[in-house]
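Presented below is the structure to which this report refers.
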Amino acid sequence: MFQYHDGRLYPDVTPRKLSFKIPDGYWFDTFPEGNSTNCIALMTKDQNVKVEVSVEMSRWKSTEEEARDEFEGAPQVAISGPDSISVGRFNGHSIYCFSESSQYVIILDIGECNLRGAFNLEDCFNRMEIVVTASYGSEDESMSMLKDAIHDHRFEELLESIKVE
């Protein structure tokens, strides 16, 4: 669940100081499959690419390990990464993969924010995950569509809008 305030979305964690903006042109996916509580699913203007933004609890000690584990057990055709990435003041890793669809995943370490569950203060939300999925046509078409989406100014605007107040 997210709170919309002053043009920004805030995940349902405490303290409410991490936020981001949704650039113009995205659709909201109102029937996302298997998303967690602090996840929002967006679709590109043509509705061929899904962008999921979530705040998560860490499964591993490093974002690199989590990126490697992201596709564990999936029938991977191609993979690139994990590669180091910085988004604003946060560092993490990104990875590409093609299984049934093309995916690009960014996992950021947001542990410095000291975010806790709104109802369970023992829950420590220390990861922000952005998953971009393209499921259209052949592997080459899907990967091309994915790369176009992540190099689009709207996706870059979404990443640049992530901030802590």
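At a glance:
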quantity	calculated
Condition broken by PHE71, with the remaining ones in (1) in a loop (DSSP other than H, G, I, E, B); (2) surrounded by 15 or more Cβ atoms within 10 Å (Cβ to Cβ); (3) modelled with pLDDT of 90 or more satisfied	(3)
Selection count, region 11-22, where residues are of a type in the set (Ser, Thr, Tyr) and surrounded by 20 or more Cβ atoms within 10 Å (Cβ to Cβ)	1
Identity of the residue in region 24-65, of a type outside the set (A, V, I, L, M) and part of a strand (DSSP E or B), that ends up surrounded by the fewest Cβ atoms within 10 Å (Cβ to Cβ)	PHE28
In region 114-131, the residues that are part of a loop (DSSP other than H, G, I, E, B) and under 14 Å from the mean Cα position of the chain (by Cα)	ASN126
Residue in region 97-136 that is modelled with the lowest pLDDT, counting only those that are open to solvent by 10 Å² or more (accessible area, probe 1.4 Å) and in contact with a Gly (Cβ under 6 Å, 6 or more places away or on another chain)	ASP123
Subset of region 1-23 [assigned to a loop (DSSP other than H, G, I, E, B) and over 20 Å from GLU112 (Cβ atoms)]	MET1, ASP6, GLY7, LYS21, ILE22, PRO23
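The values are calculated or read from the model by the stated rules, or taken from the named source; none is laboratory data. If you're wondering where the values come from, they're calculated on a predicted model, not measured in any experiment. Backbone-built Cβ (ideal geometry, glycine too); neighbour counts: all protein chains shown. These accessible areas exclude ligands, DNA and RNA; they are computed on the full protein's heavy atoms, side chains included. Shrake-Rupley method; radii C 1.70, N 1.55, O 1.52, S 1.80 Å.
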